[in-house]
Structure formats: structure tokens, C-alpha cells
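Trainee: What follows is a structure written as C-alpha cells; I'll ask about it next.
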Amino acid sequence: MEEKQFVFGRMSSISRYIYEVMPTYDIAGYVLFLLIFLLSVLVYKLGFAKKLRFRQNIVIYVFLLLGCLMLTFLAFFLPVVEGLIVAALILIIYKIRMRLEKRQSSTT
């Protein structure tokens with residue numbers, strides 16, 4: 001029990017929350033991986049995605065999936081999920097401001 005408390009004490013906040021709430025550690029690992037993958041896809045789509053052919057998109061998402069596997073191992077003790085949330089919020093704000101400026105410039 002002492003080792004469990006030591007590990008939970010060193011985990012990042014969202015990872016610790018997921019592992020405390022989920023019924024088993026296996027499910028918690030999959031949930032953490034899925035959360036990291038979905039946030040990575042959101043950040044990719046908001047900030048870096050270009051119009052590509054379907055096959056090229058499949059290759060990109062496969063490599064994104066593999067990279068998220070590595071990020072999941074880092075997310076136990078580093079704030080990876082928190083960083084992805086901040087990146088997504090910044091990109092969402094940027095997209096909203098760009099859309100508002102585009103509307104404003106087209107009306108004048």
C-alpha cells in the first residue's frame with residue numbers, strides 16, 4: 001500500500017485522477033491512451049492539418065497513434081495531458097480570433 005501511495009503521489013494530476021476513478025488499472029491505461037490520442041488529433045487538426053489524400057491521412061494517423069503510445073508512458077509522471085489541453089485551448093482561441101478577424105475584414 002505504501003508503494004501505491006508513493007506512485008500516486010508522483011503521478012501527474014489528470015493521470016492520477018483517471019487511475020483513481022476507473023475500476024481497474026487496465027481500463028485506466030486504455031482511457032489515458034484514448035484521451036491522449038483524441039487530444040493529439042484535436043491539436044493536429046486545429047493547428048497543423050492540411051488537405052491531404054485519404055492514404056496520406058491514414059499514414060499520419062497511424063504515426064500519431066504510435067507517438068501517442070509513447071506519450072502515454074510519459075503521461076504517468078509528466079503533465080502530457082495537461083499540456084495537450086493547454087495547446088488545444090490556445091489553438092481554439094487562435095481559430096476563433098482568426099475567424100472573427102476574417103469576418104470583420106470581409107464586412108468592411
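Trainee: Residues that are modelled with pLDDT under 90, at least 1 per element: which helices (runs of 4 or more DSSP H) completely within segment 18-108 meet that?
Mentor: On the way: elements: 25-47, 54-74, 80-107.
Once the helices (runs of 4 or more DSSP H) in segment 18-108 are filtered for at least 1 residues that are modelled with pLDDT under 90, what remains is 25-47, 80-107.
Trainee: Additional query: Tell me whether segment 86-93 contains one or more residues that are exposed (fewer than 14 other Cβ atoms within 10 Å of the Cβ), in contact (Cβ under 8 Å) with a residue 24 or more places away in the chain and of a type outside the set (Val, Ile, Thr).
Mentor: Within segment 86-93, not a single residue is exposed (fewer than 14 other Cβ atoms within 10 Å of the Cβ), in contact (Cβ under 8 Å) with a residue 24 or more places away in the chain and of a type outside the set (Val, Ile, Thr).
Trainee: Now for a separate question. Which residue is surrounded by the most Cβ atoms within 10 Å (Cβ to Cβ), if the candidates are limited to segment 1-21 and must be under 19 Å from residue 85 (Cβ atoms) and not hydroxyl-bearing (Ser, Thr, Tyr)?
Mentor: The initial filter retains those residues of segment 1-21 that are under 19 Å from residue 85 (Cβ atoms), namely 11-21.
Still in the running and not hydroxyl-bearing (Ser, Thr, Tyr): 11, 14, 16, 18, 20-21.
On the way: 11: 17, 14: 18, 16: 16, 18: 20, 20: 10, 21: 10.
Looking at residues that are under 19 Å from residue 85 (Cβ atoms) and not hydroxyl-bearing (Ser, Thr, Tyr), I get 18.
Trainee: On to the next question. When the residues of segment 13-64 are narrowed to those that are under 14 Å from the mean Cα position of the chain (by Cα) and polar (S, T, N, Q), which ends up nearest to residue 89 (Cα to Cα)?
Mentor: 40
The values are calculated or read from the model by the stated rules, or taken from the named source; none is laboratory data. As the structure is a prediction and not an experimental result, all values here were calculated from the model. Note: ideal-geometry Cβ built from the backbone for every residue, glycine included; neighbour counts use all protein chains shown.
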